[in-house]
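The structure under discussion appears below in the form of structure tokens.
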Amino acid sequence: MVICGGELDAADERLAGASHPEDSDGEEDEDDRQEGSLKCLQIDLRRFGLDKHGLVNRFSRVLEENGINHMYSSTFKTANLLVDKKQALRAQSLLRSC
């Protein structure tokens, strides 16, 4: 199961408002607002069995082979992958196929 964390969206919106003032026509450029934003994809490791090894390698290899930069961290029961917000849906789809 891959969960796309929405809890970081509120922080992204606050940062985007503070660091990217509105354009002269009163509209904010969507690409500028999302630049550098990350999305957290969380994988429940319990479905793989907590005694399995090589899961980090498996997830990282799939993303790397498809040109998606990521940062990885994990807890005892979850794998957390931070990916560029623009590539989050594609990364989520790739990870579901693992």
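The values are calculated or read from the model by the stated rules, or taken from the named source; none is laboratory data. Nothing here was measured: the structure is a model prediction, and the numbers come from that model. All Cβ positions, even for glycine, are placed from backbone atoms using ideal geometry, and neighbour counts span all protein chains on display. What goes into the accessible areas is simple: the full protein's heavy atoms, side chains included, and nothing from ligands, DNA or RNA. Shrake-Rupley method; radii C 1.70, N 1.55, O 1.52, S 1.80 Å.
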I'd like to check which strands (runs of 3 or more DSSP E) are fully inside segment 1-80 and have at least 3 residues that are modelled with pLDDT under 85. 2-5
Working only within segment 60-86, note down all residues that are under 11 Å from LEU41 (Cα atoms) and within 13 Å of the chain's Cα centre (by Cα). HIS70, MET71, TYR72, SER73, ALA79, ASN80, LEU81, LEU82, VAL83, ASP84, LYS85
Which of the residues that make up segment 75-92 are open to solvent by 70 Å² or more (accessible area, probe 1.4 Å) and over 22 Å from GLY36 (Cβ atoms)? THR75, PHE76, LYS77
Determine which single condition ARG61 fails, assuming it passes every other condition in (1) open to solvent by 70 Å² or more (accessible area, probe 1.4 Å); (2) touching a helix residue (DSSP H, G or I) at 6+ places or on another chain (Cβ under 6 Å); (3) free of Cβ contacts under 8 Å to residues at least 24 places away in the same chain. (2)
